[in-house]
Amino acid sequence: MTTIKNVAVVGGSGNVGKPIVAGLLAAGFNVTALTRESSSSTFPDGVKVKKVDYESVDSIKEALQGQDAVVSAAATIAVGKQYPIVDAAVAAGVKRFIPSEFGINTRTVSSQGLKTILQGKIKALDYIIEKSKANPDFTWSGVTTGLFFDWGFRTSGLGFNKDTKSVGIVDSGNTPYFASNLPFIGKAVAAILANPDKTANQYLSVASFTVSQNKLLKIVEEESGAKWTTKPVKSPDLVKAGDEKLSKGDFSAFRDFLQAYLFADGGDSTKGVELANGLLGLQEEDPRPTIKAFLEGKL
Ligand SMILES: NC(=O)c1ccc[n+]([C@@H]2O[C@H](COP(=O)([O-])OP(=O)(O)OC[C@H]3O[C@@H](n4cnc5c(N)ncnc54)[C@H](OP(=O)(O)O)[C@@H]3O)[C@@H](O)[C@H]2O)c1
């Protein structure tokens, strides 16, 4: 039976890194944060901090001595730079690697635009799987979480504009999709590492809940006590806009492709997906408290 106790987190100061560190600490893991030499990130009490040069396998390997697992929550821009971290983890005898995924399922995504933009993640996980096959004691878990729900409301209102009480609704607005609050993702990562044998070499889908644009609109209207204006958006227009942006090297196309992929009629990304929530002992959450906090400006 594998036991994981010491966990190194890459990007533990970031949007999802922070709640992952919190989730690991709450579950009793010993947490070491790896951070860039140039970084001014700070970490909670109880976290050991090691500055590393992410381009040097030796530097990372030294920092990973005695670590059982590495969780990478590296910034999107840095997902293509995880190779030296993987090499160092293998060399240091790390047992489990969780790469920086935490989004839509990059193993099954069918949108050509998203596949193109997500190549950094896809190739990094391909590399990890290859390394694991060659070194069976080095295992991996991939985690797809759907949209970051609380973060999405905090940063962009998830498309809901509080000031104008309006929202763009793609196609019918009825297509279900997965979403997760950040603390839930922290709990999920901790649960994966607490159950290493059950979660080895698997790509796991977790989600706080399954929602749709119209389900959210209903809650938003109930909680704000007002009728909101909806602006119709057609999913083929989103794909067209994404293609145009991508052809000019503009990666903000991601948002257009993502909305089309998640929200379009006939494109149900939850279909046939068995969530690992039960396997990991995670309770489904209620989207309402996050929406309430968003409307009250408390997110
Ligand atoms: N599902 C969703 O809705 C959603 C939303 C956002 C992000 N994500 C995914 O979640 C993962 C983490 O994203 P995030 O938004 O949490 O990351 P983030 O906050 O932008 O950055 C995480 C950490 O990465 C390190 N970092 C920043 N720039 C770097 C660089 N150029 N090179 C190396 N390290 C760098 C920093 O840590 P130090 O300063 O300590 O080194 C930073 O705190 C990504 O895979 C991203 O695609 C998913």
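What to note about this one:
- Residue check, G23 away from the ligand (no atom under 15 Å from the Cβ) and either in the same structural domain as T106 (by TED's automatic domain parsing) or in contact with a strand residue (DSSP E or B) (Cβ under 6 Å, 6 or more places away or on another chain) (or both): no
Matching residues to (1) open to solvent by 10 Å² or more (accessible area, probe 1.4 Å); (2) among the β-branched types (V, I, T):
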position: K61; (1), (2): yes, no
position: Q67; (1), (2): yes, no
position: V71; (1), (2): no, yes
position: A74; (1), (2): yes, no
position: K81; (1), (2): yes, no
position: V86; (1), (2): no, yes
position: A92; (1), (2): yes, no
position: N105; (1), (2): yes, no
position: L114; (1), (2): no, no
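- Wholly within region 195-296, strands (runs of 3 or more DSSP E) carrying at least 1 residues that are in contact with an Asp or Glu (Cβ under 7 Å, 6 or more places away or on another chain), surrounded by 12 or more Cβ atoms within 10 Å (Cβ to Cβ) and not hydroxyl-bearing (S, T, Y): 209-211
- Here is the figure for region 228-251: residues that are under 30 Å from R288 (Cβ atoms) and free of Cβ contacts under 8 Å to residues at least 60 places away in the same chain total 0.
- Matching residues in region 1-16 - criterion: being within 9 Å of the ligand (Cβ to nearest atom) and farther than 20 Å from A88 by Cα: S13, G14, N15, V16
- Condition check for N30: closer than 25 Å to V273 by Cα, open to solvent by 10 Å² or more (accessible area, probe 1.4 Å) and of a type in the set (S, T, N, Q): no
Per-residue answers, yes or no, for (1) without any contact (Cβ under 8 Å) to a residue 24 or more places away in the chain; (2) small (G, A, S):
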site	(1), (2)
I85	no, no
V90	no, no
L118	yes, no
A134	yes, yes
D137	no, no
G146	no, yes
W151	no, no
D163	yes, no
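- Near pairs, Cβ below 6 angstrom, 6+ apart or cross-chain, from region 1-21 (of a type in the set (G, A, S)) to any residue that is more than 9 Å from the ligand (Cβ to nearest atom): A8/T32; A8/L64; A8/Q67; A8/V70; G12/V21
- The selection criterion, being without any contact (Cβ under 8 Å) to a residue 60 or more places away in the chain, of a type outside the set (S, T, N, Q) and open to solvent by 30 Å² or more (accessible area, probe 1.4 Å), does not hold for K187.
The values are calculated or read from the model by the stated rules, or taken from the named source; none is laboratory data. Just so it is clear, the structure is predicted and the values come from calculations on it, not from any experiment. Positions of Cβ are generated from backbone atoms using ideal geometry, with glycine treated the same way; all protein chains shown enter the neighbour counts. Protein only, heavy atoms only, side chains kept; ligands, DNA and RNA dropped before computing areas. Shrake-Rupley method; radii C 1.70, N 1.55, O 1.52, S 1.80 Å.
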